[in-house]
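The values are calculated or read from the model by the stated rules, or taken from the named source; none is laboratory data. As the structure is a computational prediction, the values presented were derived from the model and not from experiment. Neighbour counts run over all protein chains shown; Cβ positions are idealised from the backbone, glycine included.
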């Protein structure tokens, strides 16, 4: 003897089941798009950035220029010194720069093709601080 399970849905439950199935389909189709969008947002700062540091306090050079590279969530040197740091998908950036015995830390924000922030450090034995501005090459 064969047994069958018969599922009977009222029109309102059938409608609810259809809506739930449609919602699940839309959600499954949207998840990869959201992941792609997140990857694009994280990568929208990729490239080489020319950074100009301006000293506001301390006995350091008045200005200094350095290229930085951004790849995904990482910030690194694009020439000269050791640069380590990271960037959020919203553009908030934090870095540490080391050249010989000199060390400086900077924080700020990139948006589009420009950025700005503050820095402070011990540069050739002098405590200095200032601001920085960046433009993407």
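Results, tabulated for the structure shown:
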quantity	calculated
Residues located in segment 114-137, provided they are at pLDDT below 95 and either under 19 Å from the mean Cα position of the chain (by Cα) or not in a strand (DSSP E or B) (or both)	124, 125, 137
Some residue of segment 43-64 being modelled with pLDDT under 75 and not in a strand (DSSP E or B)	yes
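Residues checked against (1) in the same structural domain as residue 131 (by TED's automatic domain parsing); (2) modelled with pLDDT under 95; (3) closer than 16 Å to residue 131 by Cβ:
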residue	(1), (2), (3)
34	no, yes, no
68	yes, no, yes
87	yes, no, no
98	yes, yes, no
